[in-house]
Amino acid sequence: MTALFDTASQAKVQHYLTAPEAGPRLLFFSGGSAINGMSQQLKAFSHNTMHLLTTFDSGGSSAALRDAFAMPAVGDLRNRLLALANEETDKYLPIYNLFSLRLTQTDNANTLLTVLSDIASGSHPLASTLPAEIRSIVRLQLDAVLQKLPATFDLEGASIGNLILAGSFLNGGACLDSALALCSKLLDVRGTIQSVVDDVGHLGAELDDGRVLIGQHLLTGKESSPLTAPIKRVFLSKAMDYFEPGAFVINSKSREMINIADLICYPPGSFYSSLIANLLSSGVSTAIAENPCRKVFVPNLGSDPEQIGMDLSRLMQVLLTHLQQDGEQKLPVASVLNYLVLDTTHGRYPFDMDFGLLESLGIQVVDLPLVTAGSAPYYDDHRLACALLSLV
């Protein structure tokens, strides 16, 4: 186990600060907001980080947009765009602020529609500060939304960033890639954000007690009651009201990103809906195994409602099952996972650390002081970023 950063690792990390535009290509399989803070820290070291996110969210404003426009969930994508955006210059700060805006939850429907129309026309205070070129692009996207918005659509609490992404999706021929490319350019994003698959789908789970739930919002313990039985297996479905199998296959851009990564990280976040959901599509594990770079797992601190009834042995078993199995192919552990990064001194883990199991699997433990007084009970974003950079 490694107790501290060595001098060579510290020097390497400091070097990245001198030229972040040429920084390493760290790739993350994630979703939600758990690593947004670390992503912000990484911008100082590298503008080349790559983020593969799930688009299966079935709750909140993302769900309303999915229903209205038959599109993937974009809320997590918006959050990561903002985490990696250039909010430091006068040119990009206004669009950053607009992307971050949510409509109020207290105004009536007509007032909310008027506010959205004012933003689209450029007369809203936040929109009027946008550079003319950016204002014109935003107007195009929001006009597309306004033209196709169902009369019953509830704008209470709607995210303007989500609506701009939705308009970009509609204007781009229902192509999420083009929407992400456009919004990344608008925000001058310091990295690449991509969905693993192009298919629109939903996350489902079979529980140990026999129940089957379809819809990510039913699993996370945020919009529905927390699970009362452990998850036995998870799967993807084309429909949410009933199970409809689909050919979920990694898209070519995601495969290429995995192929060129300098380090692959399975980071903290909701275990099934953020991490495992990314690994369910055909071709993902094979692409990971084909890249000889280091692969790192950083387990959650504290309590994750999705990890009910799971100790370290079960956690590692589930992760490795999805990493090693790709169709009929069984991949070696060494090709998909090499390191477990944690802080056994300061971290509050919901399970005991079975180091004997890890050693038998050939997984090296990197034990570092990653939790600080200011970050407890969670990882310090800066320290975790530096730890991952040191492993490149």
Is it fair to say G32 is surrounded by fewer than 24 Cβ atoms within 10 Å (Cβ to Cβ), modelled with pLDDT under 95 and closer than 17 Å to Q194 by Cα? yes
Output the residues belonging to region 173-191 that are open to solvent by 50 Å² or more (accessible area, probe 1.4 Å) and touching a residue at least 60 places away in the same chain (Cβ under 8 Å). A174, R190
Selected residue (criterion: nearest to the chain's Cα centre (by Cα)) from residues of region 77-109 that are without any contact (Cβ under 8 Å) to a residue 60 or more places away in the chain and within 19 Å of F29 (Cα to Cα): N79
Just wondering, is there one or more residues in region 347-370 that are in a loop (DSSP other than H, G, I, E, B), over 21 Å from Y272 (Cβ atoms) and in contact (Cβ under 8 Å) with a residue 60 or more places away in the chain? yes
Which of (1) acidic (D, E); (2) in contact (Cβ under 8 Å) with a residue 60 or more places away in the chain; (3) assigned to a helix (DSSP H, G or I) does D118 not meet, given it meets every other one? (2)
Residue satisfying condition, being farther than 30 Å from S224 by Cβ, among the basic types (K, R) and modelled with pLDDT of 95 or more, within set K43, K12: K43
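For every residue, the table says whether it meets (1) closer than 24 Å to A289 by Cβ; (2) within 23 Å of the chain's Cα centre (by Cα); (3) at pLDDT 95 or above.
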| position | (1), (2), (3) |
| --- | --- |
| L331 | yes, no, yes |
| L361 | yes, no, no |
| D380 | no, yes, yes |
| L389 | yes, yes, yes |
Quick one: S39 ticks every box in (1) among the small types (G, A, S); (2) buried (at least 24 other Cβ atoms within 10 Å of the Cβ); (3) without any contact (Cβ under 8 Å) to a residue 60 or more places away in the chain bar one, so which box is it? (3)
Can you find even one residue in region 96-112 that is assigned to a helix (DSSP H, G or I), touching a Ser or Thr at 6+ places or on another chain (Cβ under 9 Å), at pLDDT 95 or above and open to solvent by 20 Å² or more (accessible area, probe 1.4 Å)? yes
Per-region count, region 36-82, residues assigned to a loop (DSSP other than H, G, I, E, B) and out of contact with any Ser or Thr (no Cβ under 9 Å at 6 or more places or on another chain): 6
Would you tally the residues in region 113-143 being open to solvent by 60 Å² or more (accessible area, probe 1.4 Å) and within 20 Å of G172 (Cβ to Cβ)? 5
Can you confirm whether E88 is farther than 21 Å from L142 by Cβ, in a helix (DSSP H, G or I) and acidic (D, E)? no
Among the numbered criteria (1) on the phi < 0 side of the Ramachandran plot; (2) open to solvent by 50 Å² or more (accessible area, probe 1.4 Å); (3) in contact (Cβ under 8 Å) with a residue 12 or more places away in the chain, which one does L207 miss? (2)
Looking at region 56-102, which of its residues are over 30 Å from K238 (Cβ atoms) and of a type in the set (V, I, T)? T89, I95
What number of residues within region 144-161 are open to solvent by 60 Å² or more (accessible area, probe 1.4 Å) and not in a helix (DSSP H, G or I)? 4
Selection within region 307-337 - open to solvent by less than 30 Å² (accessible area, probe 1.4 Å) and outside any helix (DSSP H, G or I): M310, D326, L331, L337
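The values are calculated or read from the model by the stated rules, or taken from the named source; none is laboratory data. Everything numeric here is computed off the predicted structure, so don't read it as measured data. Neighbour counts run over all protein chains shown; Cβ positions are idealised from the backbone, glycine included. Side chains are part of the model used for accessible areas, which takes the heavy atoms of the whole protein and leaves out ligands, DNA and RNA. Shrake-Rupley method; radii C 1.70, N 1.55, O 1.52, S 1.80 Å.
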